[in-house]
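> Quick one: this structure, given as structure tokens, is what I'll be asking you about.
The values are calculated or read from the model by the stated rules, or taken from the named source; none is laboratory data. All values reported here derive from a predicted model rather than from experimental measurement. For neighbour counting, all protein chains shown are included, and Cβ atoms are generated from backbone atoms with ideal geometry for every residue, glycine included.
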């Protein structure tokens with residue numbers, strides 16, 4: 001998965017494809033490639049390479065591809081290592097395809113296709129799509145309807161663009177649970193073109209230099225695109241209509257997709273990021289398998305203890321992960337700040353699993369701590385968001401979140417995908433230790449799958465949260481209180497606020513407030529209280545009453561339908577009622593928005609706050 005660009009028209013396709021891929025580079029990728037139907041006969045022409053687009057450009061200088069139609073892709077590996085043979089596009093017969101997403105039933109399809117005589121040349125799930133389309137076209141027939149039949153056999157998520165040598169001016173595109181749009185060019189439409197032409201892209205930033213008029217495909221839609229026309233059908237091949245819209249952002253602003261800051265864009269990307277993280281984990285009805293990663297290999301099947309190593313936001317994710325794994329799998333877990341681990345002569349046994357959590361995979365303290373644990377005999381595992389990062393060369397195994405590139409220094413979607421991975425890992429381990437039954441696992445997985453929709457609803461309340469921030473924007477200090485799984489969320493909420501607004505903020509366990517922090521409370525102090533229903537709810541209400549008695553201004557994050565807490569809070573933010581294990585993910589969203597609006601109202605540099613770096617690569 002990562003970026004898709006397609007072009008059909010009168011101009012040479014390759015320069016336009018490369019230009020689109022360059023504008024998608026900010027998303028991160030490990031390989032790139034293009035496919036162009038030949039103008040002289042023969043198979044669809046391919047150029048692919050591992051590494052950056054500059055390497056692809058160099059390959060094309062040596063072996064140019066000519067033609068007015070083509071597709072291009074930047075890949076961030078999910079199935080199969082980064083390599084030229086695993087890079088997109090993938091070709092089968094007269095067909096070539098690029099794909100974002102994950103095909104969940106690829107192993108079953110591959111086995112069936114191989115039994116029918118298909119020869120595979122890559123390790124990817126995507127290659128099955130090319131073979132399916134080629135199989136549907138082997139006796140001729142309509143190109144679009146062949147893709148309809150092929151995609152009907154897929155399970156998972158996909159945005160695809162397909163070219164066919166026998167129709168060299170046509171692209172067929174399809175969308176299911178992954179973004180894809182058409183860009184309409186030509187006279188009076190495109191920004192710099194006079195000839196008839198049209199585009200396909202996974203991100204509007206790839207095509208804004210050429211057109212601002214787009215058609216957003218909806219889930220299940222397929223499109224036949226030629227230089228002069230486009231045709232839309234649904235998943236059953238029946239004609240549908242979708243509205244055109246004009247994009248008003250400049251190409252320079254396209255990477256932010258119209259959002260004021262990268263941080264706000266990344267907050268809004270969390271439904272997609274969580275969905276992609278689940279897709280990448282091998283989730284089935286009542287289990288999490290982590291396809292391609294042997295988590296029951298040497299050491300883990302006899303694991304006596306897990307030692308989690310992390311810094312900053314990742315440390316807060318680890319604290320939540322500890323509670324989840326101990327509860328669902330009954331494996332003891334210790335959490336260490338990575339920068340402290342090496343310097344306290346830690347006790348590490350060969351039956352321990354050292355788990356490092358890092359967004360970038362380059363955090364120097366975390367890498368050093370993992371190396372120390374490995375040297376002392378522990379098996380090692382890393383959770384990371386960047387394929388091929390340095391920590392992947394230290395850890396025995398790596399689990400990747402699929403947040404996508406996070407440009408803003410303050411972590412948002414990386415944190416919630418780490419929390420998602422913590423739930424997935426706890427389910428995986430719980431099923432294997434026998435402490436988590438199938439019914440409970442199924443309920444948690446169903447709850448995870450509902451989270452993106454819940455988050456969309458929370459994001460719709462951003463304007464109301466901005467009003468809360470405006471009401472308290474003169475504050476110089478702020479307390480965040482949480483209990484149980486939401487105590488680390490309080491720590492994270494305080495960190496977000498101080499990082500980007502420069503307001504002094506502290507996070508505390510609710511029960512610890514009377515052991516010191518309550519001395520700070522007065523009528524100028526906002527106190528954010530995480531008060532979702534569940535164990536300890538009554539005690540949180542008591543803490544809230546203590547704050548109220550001392551004049552503190554209470555901002556409560558509570559469960560939708562809670563009619564008790566409204567009378568106790570000055571401001572109330574409601575989140576959906578979900579399983580306790582999932583509450584930290586939802587509770588994090590309003591705290592991110594609150595921090596963002598505080599900072600934006602103050603006029604600070606939201607995306608690049610002073611003194612901070614995105615990846616801390618020195619100790």
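> Being within 29 Å of residue 408 (Cβ to Cβ) and either in contact with a helix residue (DSSP H, G or I) (Cβ under 6 Å, 6 or more places away or on another chain) or buried (at least 24 other Cβ atoms within 10 Å of the Cβ) (or both) is true for just one of 540, 557. Which residue is that?
Values: 540 fails: within 29 Å of residue 408 (Cβ to Cβ).
Of 540, 557, the one residue that is within 29 Å of residue 408 (Cβ to Cβ) and either in contact with a helix residue (DSSP H, G or I) (Cβ under 6 Å, 6 or more places away or on another chain) or buried (at least 24 other Cβ atoms within 10 Å of the Cβ) (or both) is 557.
> State whether the residues of region 136-145 include one that is closer than 27 Å to residue 277 by Cα and either touching a strand residue (DSSP E or B) at 6+ places or on another chain (Cβ under 7 Å) or at pLDDT below 95 (or both).
no
> Among the listed residues 481, 491, 485, which satisfies the condition of being at pLDDT 95 or above, in the same structural domain as residue 586 (by TED's automatic domain parsing), at negative phi and buried (at least 18 other Cβ atoms within 10 Å of the Cβ)? Give the steps one after another, and end with the answer.
Details: 481 fails: at pLDDT 95 or above; 485 fails: at pLDDT 95 or above.
Step by step, each of 481, 491, 485 is checked, and only 491 is at pLDDT 95 or above, in the same structural domain as residue 586 (by TED's automatic domain parsing), at negative phi and buried (at least 18 other Cβ atoms within 10 Å of the Cβ).
> Is one or more of the residues making up region 505-517 in contact with a strand residue (DSSP E or B) (Cβ under 9 Å, 6 or more places away or on another chain) and touching a residue at least 60 places away in the same chain (Cβ under 8 Å)?
Scanning region 505-517 turns up no residue that is in contact with a strand residue (DSSP E or B) (Cβ under 9 Å, 6 or more places away or on another chain) and touching a residue at least 60 places away in the same chain (Cβ under 8 Å).
> Given the residues 197, 231, which is the only one that is more than 30 Å from residue 269 (Cα to Cα) and in contact with a strand residue (DSSP E or B) (Cβ under 7 Å, 6 or more places away or on another chain)?
Values: 231 fails: more than 30 Å from residue 269 (Cα to Cα).
Going through 197, 231 in turn, just one is more than 30 Å from residue 269 (Cα to Cα) and in contact with a strand residue (DSSP E or B) (Cβ under 7 Å, 6 or more places away or on another chain): 197.
> Sort out which residues of region 501-519 are surrounded by 16 or more Cβ atoms within 10 Å (Cβ to Cβ) and under 30 Å from residue 607 (Cβ atoms), and write them in order of number.
The answer is 501, 502, 503, 505, 506, 507, 508.
> Just a yes or no: is a residue in region 102-110 crowded, with 17+ Cβ neighbours inside 10 Å, in contact with a helix residue (DSSP H, G or I) (Cβ under 9 Å, 6 or more places away or on another chain) and modelled with pLDDT of 95 or more?
Looking through region 102-110, at least one residue is crowded, with 17+ Cβ neighbours inside 10 Å, in contact with a helix residue (DSSP H, G or I) (Cβ under 9 Å, 6 or more places away or on another chain) and modelled with pLDDT of 95 or more.
> Separate question: Which members of region 68-84 meet the condition of being surrounded by fewer than 22 Cβ atoms within 10 Å (Cβ to Cβ) and at pLDDT 95 or above?
Passing the criteria: only 68.
> Given 469, 441, 410, which one is part of a helix (DSSP H, G or I), closer than 18 Å to residue 503 by Cβ and in contact with a helix residue (DSSP H, G or I) (Cβ under 7 Å, 6 or more places away or on another chain)?
469
> Here is a follow-up. Out of the residues in region 374-394 that are in a loop (DSSP other than H, G, I, E, B) and surrounded by fewer than 23 Cβ atoms within 10 Å (Cβ to Cβ), which is nearest to the chain's Cα centre (by Cα)?
Taking region 374-394 as the starting set, the residues that turn out to be in a loop (DSSP other than H, G, I, E, B) are 376-378, 385-389, 394.
Within this subset, residues satisfying the condition of being surrounded by fewer than 23 Cβ atoms within 10 Å (Cβ to Cβ) are 376-377, 387-389, 394.
On the way: 376: 33, 377: 33, 387: 13, 388: 17, 389: 17, 394: 23 Å.
In this case the residue turns out to be 387.
> Looking only at region 231-261, which residues are modelled with pLDDT of 90 or more and crowded, with 18+ Cβ neighbours inside 10 Å?
Those that are modelled with pLDDT of 90 or more and crowded, with 18+ Cβ neighbours inside 10 Å: 232, 233, 261.
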